[in-house]
1. Check whether at least one residue in segment A:340-355 is surrounded by 12 or more Cβ atoms within 10 Å (Cβ to Cβ), more than 14 Å from chain B (Cβ to nearest Cβ) and modelled with pLDDT of 90 or more, and report yes or no.
2. Starting from segment A:253-274, take each residue that is in a strand (DSSP E or B) and list its partners that are hydrophobic (A, V, I, L, M, F, W, C), counting only C-beta distances under 6 angstrom and pairs at least six apart or across chains.
3. For residue A:48, are the conditions met, namely being surrounded by fewer than 24 Cβ atoms within 10 Å (Cβ to Cβ) and within 14 Å of chain B (Cβ to nearest Cβ)?
4. Quick check: is even one residue across segment A:251-265 within 13 Å of residue A:17 (Cβ to Cβ) and in the same structural domain as residue A:140 (by TED's automatic domain parsing)?
5. Does residue A:287 meet the test of being open to solvent by 40 Å² or more (accessible area, probe 1.4 Å) and assigned by TED's automatic domain parsing to the domain that holds residue A:206?
6. Out of the residues in segment B:222-232 that are within 13 Å of another protein chain (Cβ to nearest Cβ) and not hydroxyl-bearing (Ser, Thr, Tyr), state the one that is most open to solvent (accessible area, probe 1.4 Å).
7. Confirm whether residue A:57 is at pLDDT 90 or above and either under 17 Å from residue A:121 (Cα atoms) or within 13 Å of chain B (Cβ to nearest Cβ) (or both).
8. Testing residue A:219 on (1) at pLDDT 70 or above; (2) open to solvent by 40 Å² or more (accessible area, probe 1.4 Å), one condition comes back false. Which one is that?
2 protein chains.
Amino acid sequence: MAQVLTFLGKGGSGRSTVAIAAAKKLSGEGVRVLLVSSDPSPAFGLILGVNLEGDPLNIGANLWAVQLQATHLIEKAWEEVKQLEAKYLRSPTLKNVYGQELSIFPGMDTALYLNAIREYNTSGQYDVIIYDGSGDLTTLRMLGIPENASWYFRRFRQVFRESDFGKALSPFVQPVSAALFNVSWSFDDFAEQPTQEVTSLLDQGKAALTDPKQVLAYLVTTEQASAIAQAQYLWGSAQQVGLSVGGVIANTGGNSGDLASQFAPLTVTPLPRTTGDDWQTLMEALPSLQNPANIPQPITIDVSARQVRVFLPGFDKKQVKLTQYGPEITIEAGDQRRNITLPHPLTGCPVKGAKFQDSYLVISV
Amino acid sequence: MAQVLTFLGKGGSGRSTVAIAAAKKLSGEGVRVLLVSSDPSPAFGLILGVNLEGDPLNIGANLWAVQLQATHLIEKAWEEVKQLEAKYLRSPTLKNVYGQELSIFPGMDTALYLNAIREYNTSGQYDVIIYDGSGDLTTLRMLGIPENASWYFRRFRQVFRESDFGKALSPFVQPVSAALFNVSWSFDDFAEQPTQEVTSLLDQGKAALTDPKQVLAYLVTTEQASAIAQAQYLWGSAQQVGLSVGGVIANTGGNSGDLASQFAPLTVTPLPRTTGDDWQTLMEALPSLQNPANIPQPITIDVSARQVRVFLPGFDKKQVKLTQYGPEITIEAGDQRRNITLPHPLTGCPVKGAKFQDSYLVISV
């Protein structure tokens, strides 16, 4: 398994430049690096100085680069969908629909990117994957797919089972599945089999995301107030998907001003101003990226104290909402929702109180 | 109906600043403007100098601003889904799932933003809606939703009807719908009724997008090579969703260099360098945005010459792919696919040849 590194920050703060410098630095140290850009325009290739393609290209010792293209990725994914259909369906319906004609909806690209990263990750060919994505909430939502998909699965499965709709449909499952599928399913195991593979993938994704040895983000900012505000916002928002943030890279011309206090306890590394192709200076200024110190845990649950502590830097109390409409606790912050299932014996316990203290939301149940 | 204006360009090229200056300029001329930001972080509010909220806020004469929040929008949308379900379903299943607990997948946010813009548009309260979105492919994919959703509908509906799957399912539709729905549907009108409303919405969206009086984009670039490359790429990519591009705003400190030749026949407007809150200088430098001249049509079909001319600036022949796997012609460029149904009597005709000429893909059928 590789480690995925990504950079979060405002557009124009120098994320792509930092990503490239990081790739050059690590590959120079003998680490096998794949640099992945989600920008399909020629802009990334221009900064890198190489014409990229939809498949990884070797561009230096231990260094590969790829420019993700949703139209390319959907063709491969569609073949897999067809194979899955052919495996389960008595008479496949999708064989006359071609991956080459499928257009891309918002979100399909993002899901395809995550799948591509997953495949590069399990290929065993790379030690580090540097993902230069949109660097904003879209990247966080992408990394949050496994967590959120699991939630939708378990929530709507339960709703469906308990509903009159599910009960009314139940007698039809057996005859329909006998007529359509290679296997005959009863209501209880209907969709169990094909989703099992998916569930296991989601569990792997969830485990990877919360382990900084597997997925780690850095914030990139300039000295501009709006760039700093956005980096702080993304720091808090990253916690909402369980993503560890390892530090701050400050594109400030060597000056770190009072950034250290604004991002404590993270380490702030100021970069010197460089011009053109002076990658060496940037590479030397970058911190060691793979094993940062002082990363607060996104969430800790103390069963005996009946307390949940959620790290939410960059937000104040007004920007965080706590609700318990469904069976889980929902934390809303950074335009994201995180649903938390409490471990036994706290499962299903109502929230008794919550306070916001030193960047932590402390919930008592 | 309002006119939707949006700005496309590389992150950091000054899109948000231009959007704000445009909003101030137009509202100053008596046009009722709603400024819409898709950035949920405090960054946009910092540049604007106002704390924004999830609902439009009056921030000056004829000027309103709103910061779209997917978590806020999904609550409203979910209530509508529930109402729709209650209308058609004998026994609703979703009543115990709350909008407040739903997490946001990639793409859901984008679809919710488009729906919000549509609602502001039809409210009659605004003459111009300035959308400051991600300004990249995500914005284009958002605007392409009506076109692509229509395509998926008609393609998969046909596949389903002709498939053994559809035929095998057919005998079950009547008893299932009798058991579950308020109305009893036969196979042919199954799902016809609920989708009719959607189809009409999609048609409205498609019509709006291809009419520059209703939706219009401007490119924003600096003098950086990567920013220019991205603007050119987005110019071509905009054509792929049928979006008209009205001109180029150059954040180059008054200089437009050879941008005019790189973006001909568009008008390039250079902006002076400003500092801090000098909005007046920017407002004066901006062109009149609502009725630009010299906009090439994204697509023209000449039935008698059996010719389709597709405007694709910023791409060369290698970057454009033409296929005809399915029943329509598929044009792939800018990591997007566009499926074109030819009008009668060219419908279903095979492609005889294609050439790339002066930024136009000329297809003979």
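The values are calculated or read from the model by the stated rules, or taken from the named source; none is laboratory data. Small disclaimer: the values here were computed from a predicted structure and weren't measured. With ideal geometry, Cβ positions are generated from the backbone for all residues, glycine too; neighbour counts draw on all protein chains shown. Remember, those area values only see protein heavy atoms, side chains included, never the ligands or the DNA or RNA. Shrake-Rupley method; radii C 1.70, N 1.55, O 1.52, S 1.80 Å.
1. Looking through segment A:340-355, at least one residue is surrounded by 12 or more Cβ atoms within 10 Å (Cβ to Cβ), more than 14 Å from chain B (Cβ to nearest Cβ) and modelled with pLDDT of 90 or more.
2. Partner pairs satisfying both residue conditions: A:268/A:248; A:268/A:250; A:268/A:259; A:268/A:260; A:269/A:249; A:270/A:250.
3. Taking the combined requirement at face value, the residue satisfies it.
4. Among the residues of segment A:251-265, at least one is within 13 Å of residue A:17 (Cβ to Cβ) and in the same structural domain as residue A:140 (by TED's automatic domain parsing), which makes the answer yes.
5. No, not satisfied.
6. B:224
7. When the stated conditions are applied, residue A:57 passes them.
8. (2)
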